[in-house]
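The values are calculated or read from the model by the stated rules, or taken from the named source; none is laboratory data. As the structure is a prediction and not an experimental result, all values here were calculated from the model. Ideal geometry is used to build each Cβ from the backbone, glycine not excepted, and the neighbour counts take in all protein chains shown.
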């Protein structure tokens, strides 16, 4: 009658993983974070998300949200949520291995001691940054190799947050955002960790035009600069960097992330990553207040998404609501930090 199905093999270094909202019901090892996603007005939810706890090291964490667009955008974001965490680990191992080989060669030639040859925290950070850039490039190549789905005018934004020790790396591609909740004088202060990468930004616009792409706003949406092909009224991209969008890669759209670093302090409480469906209707201050107001850490992402859905109905009732997705991760146990915050 056939054997028992074996459990899926989790690659070493990936840690405990949850994808989108459904996995929260099945993975009880995720203790300090949550993921939630709700479909908007379209037939399919094009957002995806991932949260890995124990990623790369015992206390390492990887969070990511991916906002698909175009006819096959949901396929793009889905591929990314499964493949990018693996590619990043592979690239980090490759970068570290290359550095170790160089160090070993130098040690033999200069007789350095093992203590002198050990990687410093700063070296690890540099290696993770290089691995991020390489992994994003490889992810785009993986998408190009898919023949069953057309990604000519479809793609996905991405923002990931990587925690290793007290270092927090943010890699941003597009207009999803990451924010930090930190302890302030009057409670929780919200700090935006990313800058939206849109065609209207001067540096982004200059690159697109240098590659013969066009940047302009339509008459009925004068405040929204979009990226266009040289001689066609398409595709009108609202972001300047993305995965996929293979045709526009010839006209200045790139997959190179903007990487920033934050040193985590004892005042830092939580991080939130969310797609633009959330940020279109909620400010970072509102999101910080929502997250800090939940009783259960595992309900934080759902609370953010639920609030965004309500805000869409109130603020933009005539528009089709965008997909809304959030990942929340607490850097400190909430019950402990609340007591400190209230007494400060």
Inspect segment 187-203 for any residue being at pLDDT 95 or above and under 20 Å from residue 83 (Cβ atoms) and give the result as yes or no. no
For segment 191-204, name all the residues that are more than 14 Å from residue 249 (Cα to Cα) and surrounded by 12 or more Cβ atoms within 10 Å (Cβ to Cβ). 191, 192, 193, 194, 195, 196, 197, 198, 200, 201
Can you name the condition, by its number, that residue 186 falls short on among (1) in contact (Cβ under 8 Å) with a residue 12 or more places away in the chain; (2) closer than 19 Å to residue 266 by Cα; (3) surrounded by fewer than 20 Cβ atoms within 10 Å (Cβ to Cβ)? (1)
Among (1) at pLDDT 95 or above; (2) over 23 Å from the mean Cα position of the chain (by Cα), the one test that residue 244 misses: (2)
It is to be established whether one or more residues within segment 193-209 are in contact (Cβ under 8 Å) with a residue 24 or more places away in the chain, assigned to a strand (DSSP E or B) and in contact with a strand residue (DSSP E or B) (Cβ under 8 Å, 6 or more places away or on another chain). no
Looking at residue 252 and the list (1) on the phi < 0 side of the Ramachandran plot; (2) surrounded by fewer than 24 Cβ atoms within 10 Å (Cβ to Cβ), which single condition is not satisfied? (1)
If you take the residues in segment 267-302 that are over 25 Å from residue 313 (Cβ atoms) and modelled with pLDDT of 95 or more, which one is farthest from the chain's Cα centre (by Cα)? 267
Does residue 307 satisfy being more than 20 Å from the chain's Cα centre (by Cα) and either farther than 30 Å from residue 124 by Cα or in contact (Cβ under 8 Å) with a residue 24 or more places away in the chain (or both)? yes
Any chance you could count how many residues in segment 261-278 are in contact with a helix residue (DSSP H, G or I) (Cβ under 8 Å, 6 or more places away or on another chain) and buried (at least 21 other Cβ atoms within 10 Å of the Cβ)? 6
Restricting attention to segment 150-160, which residues are out of contact with any helix residue (DSSP H, G or I) (no Cβ under 6 Å at 6 or more places or on another chain) and either farther than 14 Å from residue 195 by Cα or surrounded by fewer than 24 Cβ atoms within 10 Å (Cβ to Cβ) (or both)? 150, 152, 153
Restricting to segment 3-54, what's the tally of residues that are in a loop (DSSP other than H, G, I, E, B) and either closer than 23 Å to residue 163 by Cα or modelled with pLDDT of 55 or more (or both)? 23
Any idea how many residues of segment 63-77 are under 18 Å from residue 193 (Cα atoms) and either at pLDDT below 95 or touching a helix residue (DSSP H, G or I) at 6+ places or on another chain (Cβ under 6 Å) (or both)? 1
All conditions in (1) buried (at least 19 other Cβ atoms within 10 Å of the Cβ); (2) farther than 21 Å from residue 76 by Cβ; (3) free of Cβ contacts under 8 Å to residues at least 60 places away in the same chain are true of residue 216 except (1)
